[in-house]
Ligand SMILES: CC(C)(COP(=O)(O)OP(=O)(O)OC[C@H]1O[C@@H](n2cnc3c(N)ncnc32)[C@H](O)[C@@H]1OP(=O)(O)O)[C@@H](O)C(=O)NCCC(=O)NCCS
């Protein structure tokens, strides 16, 4: 599941706890951040959807980016698409953003497909700001989403 995330390494428990605390802090500072994804049928936590300012990729600022991470046992059921579409609605309708990006590794066909299915358009490939591989950038504007 981590293969196409940043440098691809699997987090230790301590790193996971730090990641979670950072996102809790960001949510309280900015008023938006990571949502937990629960299955409607039994409330199991099966991943997250993220709306974040991409501080790690300054060229994309000030627009936020959205991202997703779903338990492999639940892949290909449309769940990332459902959650991402809901996140876009919050970003445009409640938070007032006018343009949203999404970023994936070139090989991450499933993630790019989620971007396409929620109406985003491929813009360009750019080098990762810190790592030695290219990234695909997708964008959707408020006008396109309306
Ligand atoms: C990317 C990810 C969130 C997608 O989650 P998901 O719930 O399976 O996504 P969905 O079911 O909503 O849609 C996936 C789409 O990709 C397609 N897809 C999946 N794997 C594919 C592949 N190898 N080649 C082509 N299409 C693929 C599916 O068929 C589906 O498209 P369709 O509805 O047109 O058939 C999931 O794979 C994941 O968590 N990956 C690990 C973390 C990650 O890479 N996150 C994104 C970082 S940018």
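The values are calculated or read from the model by the stated rules, or taken from the named source; none is laboratory data. The shown structure was predicted, so the numbers you read here are calculated from the model rather than taken from an experiment. All Cβ positions, even for glycine, are placed from backbone atoms using ideal geometry, and neighbour counts span all protein chains on display.
Structure summary
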| quantity | calculated |
| --- | --- |
| Yes/no for residue 77 being in a loop (DSSP other than H, G, I, E, B) and either at pLDDT 95 or above or within 8 Å of the ligand (Cβ to nearest atom) (or both) | yes |
| Tabulated pairs, segment 4-33, first at negative phi, second loosely packed, with under 11 Cβ neighbours inside 10 Å and not in a helix (DSSP H, G or I), C-beta under 7 angstrom, 6+ apart or interchain | none |
| Members of segment 23-39 found to be within 14 Å of the ligand (Cβ to nearest atom) and outside any strand (DSSP E or B), listed by number | 39 |
| Residue 84 being surrounded by 12 or more Cβ atoms within 10 Å (Cβ to Cβ), under 21 Å from residue 19 (Cα atoms) and in contact with a strand residue (DSSP E or B) (Cβ under 8 Å, 6 or more places away or on another chain) | yes |
| Qualifying positions in segment 127-146 - closer than 21 Å to residue 59 by Cα and either surrounded by 17 or more Cβ atoms within 10 Å (Cβ to Cβ) or in contact with a helix residue (DSSP H, G or I) (Cβ under 7 Å, 6 or more places away or on another chain) (or both) | 135, 136, 137, 138, 139, 140, 142 |
| Which listed residue, of 20, 13, is modelled with pLDDT under 95, more than 13 Å from the ligand (Cβ to nearest atom) and over 23 Å from residue 129 (Cβ atoms) | 20 |
| Segment 59-74 - residue that is farther than 21 Å from residue 126 by Cβ, near the ligand (Cβ under 7 Å from one of its atoms) and within 15 Å of the chain's Cα centre (by Cα) and, of those, surrounded by the fewest Cβ atoms within 10 Å (Cβ to Cβ) | 69 |
| Matching residues, segment 87-99, being closer than 18 Å to residue 37 by Cβ and buried (at least 18 other Cβ atoms within 10 Å of the Cβ) | 87, 88, 91 |
| Output for segment 88-120, where each listed residue is touching a strand residue (DSSP E or B) at 6+ places or on another chain (Cβ under 6 Å) and assigned to a strand (DSSP E or B) | 99, 100, 101, 102, 103, 104 |
